[in-house]
Amino acid sequence: MRTILSTHSIPQVTTRGLLLRKNQSKLRKSIQSTITLTSLIDAFVIIVLYLVVCNSPSETMDLEDQITLPQAKVFNQLDGSPVITFKNNQFMIDGQIISEAQLNSRLAQVAGNLKLKVENKEPSIILQADENVDFHKLQPFLTASAHAGIKNVKFAVYQQE
Amino acid sequence: MSSFKKEIEFELNLIPFIDMLSACLSFLLLTAVWSYIGSIDTHQAVGAESTSGANNPPSVVVQVENDKSFQLDLKDVKTKQRQFKIQAVNGEPNWDKIDSFLVSLRKSIPDLNTSVVIAKPGVSYGVTMKTVDSLRKAEIKNVGISPI
């Protein structure tokens, strides 16, 4: 009896197994065929190239908190000039607060250092200030920079959208 | 014949390639600069420079008043009318009118490349910078700011 069952049951099991395997392989094929990776890779490559081109290396500037720069449509790129910040009614260079009395000597020092660094280039300085500040409060800086021989005064701005 | 087919029909493993691209994409997105900071460059006159006796080029002095109106004075030009005033609208500068006026002024006087901006007490830094921007949009290249 056992031998009869065994001889009859074994082929049944094997055929079922074969059927299952066939179904699995069909399922696999159907899944693999639906995911087309080529377009995904194309999109990835385009986005990566776009980001690489757009983020070309340029000079950056640390922006102080509580300062909203004015916006402008026509502006130049930053060139790594020293930055003077006007915040809380005080001028700062490299994080150090400078009084109006010290402004002349400190800017003359900055101009001297710049002339030593680059001989044939006129010294320049970048001003960073909030857009709502009264412009008259910034005038000691303009006067001091003129006294120090800094002709190129640059005002930091955001790109207008 | 079948072995030859197997050799040709190979499968390129794209998963590491996608991983690499994803890593690049994440890095670039995280390090991207989304708000661009630039600078408005002005060329200031230094005390030792003298213009007496020199043949001055046509210039326009733009005075920003405390009530956000603009007073424009043309210098060294041949036109009869040399003073213009642009009134503020609802307490704000009339930027559209200023922009169009400066563009038309530049067209009528092609040699007009020099300008000086004077901000009266109470005028904000933002308004002063926007005035300089308007002048530069009108292709007036040499813009200075008066420290007085």
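Quick look at the values:
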read-out	value
Subset of the stretch B:74-130 (residues that are of a type in the set (D, E, K, R), touching an Asp or Glu at 6+ places or on another chain (Cβ under 7 Å) and surrounded by 18 or more Cβ atoms within 10 Å (Cβ to Cβ))	B:106
Exclusive hit being surrounded by fewer than 16 Cβ atoms within 10 Å (Cβ to Cβ) and modelled with pLDDT under 90, set A:121, A:151	A:121
Answer from A:64, A:59 - the residue that is modelled with pLDDT of 75 or more, more than 7 Å from every other protein chain (Cβ to nearest Cβ) and within 15 Å of residue A:156 (Cβ to Cβ)	A:64
Some residue of the stretch A:86-109 being under 27 Å from the mean Cα position of the chain (by Cα), surrounded by 15 or more Cβ atoms within 10 Å (Cβ to Cβ) and among the polar types (S, T, N, Q)	no
Any hit, the stretch B:136-147, residues being away from every other protein chain (no Cβ under 11 Å) and surrounded by 22 or more Cβ atoms within 10 Å (Cβ to Cβ)	no
Matching strands (runs of 3 or more DSSP E) fully within the stretch A:83-161 where at least 1 residues are free of Cβ contacts under 8 Å to residues at least 40 places away in the same chain and away from chain B (no Cβ under 13 Å)	A:90-93, A:96-98
Residue count, the stretch B:97-125 (criterion: β-branched (Val, Ile, Thr) and away from chain A (no Cβ under 14 Å))	2
Check on residue A:74, on the phi < 0 side of the Ramachandran plot and touching a Phe, Trp or Tyr at 6+ places or on another chain (Cβ under 6 Å)	no
Residue B:89 in contact (Cβ under 8 Å) with a residue 24 or more places away in the chain and either among the hydrophobic types (A, V, I, L, M, F, W, C) or farther than 24 Å from residue B:38 by Cβ (or both)	no
Among the residues listed as A:98, A:125, A:84, A:93, the single one being farther than 29 Å from residue B:136 by Cα and touching a helix residue (DSSP H, G or I) at 6+ places or on another chain (Cβ under 9 Å)	A:98
Among the residues listed as B:67, B:76, the single one being among the charged types (D, E, K, R), over 30 Å from residue A:108 (Cβ atoms) and in contact with a Pro (Cβ under 8 Å, 6 or more places away or on another chain)	B:76
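The values are calculated or read from the model by the stated rules, or taken from the named source; none is laboratory data. Remember, it's a predicted structure, so these values are computed and weren't measured experimentally. All Cβ positions, glycine included, derive from the backbone under ideal geometry; neighbour counts span all protein chains shown.
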